[in-house]
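Laboratory data are not the source of any read-out in this text; all were calculated from the coordinates shown. If you're wondering where the values come from, they're calculated on a predicted model, not measured in any experiment. Backbone-built Cβ (ideal geometry, glycine too); neighbour counts: all protein chains shown.
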């Protein structure tokens, strides 16, 4: 049985509208933490010029494969096993990276390791797109994000909605320069960085 995420269904069209533009000249995308696999199928079908590499923790691969097996898209690849805590990622260099809703569910040291991995696999001039909620100047942008943060911390005190400034500073330290900070529905943002040429 395929896993299903209602939030994926809800946010995929506005995300696609951004990715159509940002990924127009790209060829190889690594999706970090593909979750259910819904995004990979939706974006892969809509952006056939891209080779879309899925990835996830190993225990989530069966669900992703169920979506991929049904869709039969030649440009969407079976998931790689990636964990932020691994010493190395078995990934060939890519010219684009996409991630949705990860930095707030892992600890800050894991966010730091995530960006270290990204800096090693993104090609010079490549772009990195992160979708999700962020705080600005230490403040929540909505009551719903504040409630979401409280819920996250009740599950794991090391998680929580991250400060944009901290994430962007970390990205800069890894050679990623902010290109766009785009307002998205449901109080989310799309952050787009470019790796130094």
Once the piece of chain linking residue 116 and residue 2 is laid out straight, how much longer is it, given 0.36 nm per residue of separation minus the C-alpha distance between them?
37.8 nm
Rank the residues 136, 131 as a footprinting-exposure proxy: fewest other Cβ atoms within 10 Å of their Cβ go first.
136, 131
To the nearest 0.05, what FRET efficiency results for residue 147 and residue 20 with a Förster distance of 41 Å applied to their C-beta separation?
0.85
Among rounded, prolate and oblate, which fits segment 73-197 when a ≥ b ≥ c are the square roots of the eigenvalues of its C-alpha gyration tensor, a/c under 1.5 means rounded, and a/b larger than b/c means prolate?
prolate
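Calculate how many DSSP beta bridges within segment 6-195 are antiparallel, expressed in % of all such bridges and rounded to the nearest 5.
Details: 15 of 34 bridges.
About 45 percent, rounded to the nearest 5.
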Please work out the FRET efficiency for the pair residue 172 and residue 27, using the Cβ-Cβ distance as r and a Förster radius of 25 Å; give the result to the nearest 0.05.
0.50
Rounded to the nearest 0.05, what FRET efficiency do residue 139 and residue 72 give with R0 = 35 Å and r taken as the Cβ-Cβ distance? Could you check?
0.15
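Neighbouring Cβ atoms within 10 Å as the yardstick, rank 180, 49, 39 fewest first.
Working: 180 15, 49 10, 39 28.
Least to most surrounded, the residues fall as 49, 180, 39.
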Which order, highest average first, do 156-169, 54-67, 82-95 follow once you tally other Cβ atoms within 10 Å for each residue and take the mean per peptide?
54-67, 156-169, 82-95
Where in segment 1-41 does the amide nitrogen come within less than 17 Å of the point 7 Å from the Cα of residue 187, taken along Cα to Cβ?
7, 11
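Assuming 0.36 nm per residue, please report the length gained on full extension of the stretch residue 57 to residue 180 beyond their Cα-Cα distance.
Numbers: separation 123, 0.36 × 123 = 44.28 nm, distance 2.88 nm.
The span from residue 57 to residue 180 would gain 41.4 nm if fully extended.
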Mean separation of Cα pairs under 8 Å and 6+ residues apart, divided by the residue count of the chain: what relative contact order is that in percent?
18 percent
